[in-house]
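All of the numbers you see were taken from the coordinates with simple rules; none came from a lab. Worth saying up front: this structure is predicted, and the values here are computed from it rather than measured. Don't worry about glycine lacking a Cβ; one is built from the backbone with ideal geometry, like all the others, and counts go over all protein chains shown.
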Amino acid sequence: MKLMDKAKAAAETAVTKTKEGVEEVQTKRDLSSAYGELGTKTFELVEAGRLDQPELAELVEKIRGLKAKLADGAPTDAAAPETAQAEESETTEEAPV
């Protein structure tokens, strides 16, 4: 019976550690989300003229540029190689005779 008790205790310890790990991951995800919300709100305040901090200027310009890129329908950096390959294959394919 001692072996079963030890196995049960080990399993309970593993479950507890797993739950703690999941909670930590969720807390980190929540923190990241809160930072994102803070950044969004900060950008909105800058755009509305209610916040003017020189330290934010570079990041604000980066966000403006990225938003303009999306509005123009420009491919993102991750999609650029795929798009470039697709465009290249379209131009190199011969038309049927």
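Do any trypsin sites (Lys or Arg not before Pro) in segment 1-63 lie in a loop, going by DSSP, with at most 16 other beta-carbon atoms within 10 Å of their beta carbon, and if so which? Walk me through the intermediate numbers first.
Details: sites: LYS2, LYS6, LYS8, LYS17, LYS19, LYS28, ARG29, LYS41, ARG50, LYS62; in loops: ARG50.
Taking segment 1-63 and a limit of 16 other Cβ atoms within 10 Å, the loop trypsin sites (Lys or Arg not before Pro) found are ARG50.
List the lysines whose Cα sits under 23 Å from the Cα of LYS67, skipping any in the same chain fewer than 8 residues away.
By straight Cα distance, LYS67 reaches LYS41.
Setting aside same-chain residues fewer than 8 positions from LYS19, which lysines have a Cα under 26 Å from its Cα?
Correct list for LYS19: LYS2, LYS6, LYS8, LYS28.
Provide the gained length on full extension for the span LEU31 to ALA74, in nm with one decimal, where the gain is 0.36 nm per separating residue minus the Cα-Cα distance. Before the final figure, lay out each step's value.
Values: separation 43, 0.36 × 43 = 15.48 nm, distance 3.07 nm.
Once the chain is fully extended between LEU31 and ALA74, it gains 12.4 nm.
Subtracting the Cα-Cα distance from 0.36 nm times the residue separation, let me have the gained length for LYS62 to LYS41 in nm, one decimal.
Values: separation 21, 0.36 × 21 = 7.56 nm, distance 1.56 nm.
That works out to 6.0 nm of additional length.
Amide H of LEU51 versus every other amide H placed in the peptide plane: which residues, excluding those fewer than 5 positions away on the same chain, fall under 5 Å?
Residues meeting the criterion, in which the H sits 1.01 Å from N, are VAL46.
Using 5 Å bins from zero, what percent of all Cα-Cα pairs in segment 14-58 falls into each bin?
5, 20, 16, 15, 10, 9, 9, 7, 6, 3, 1
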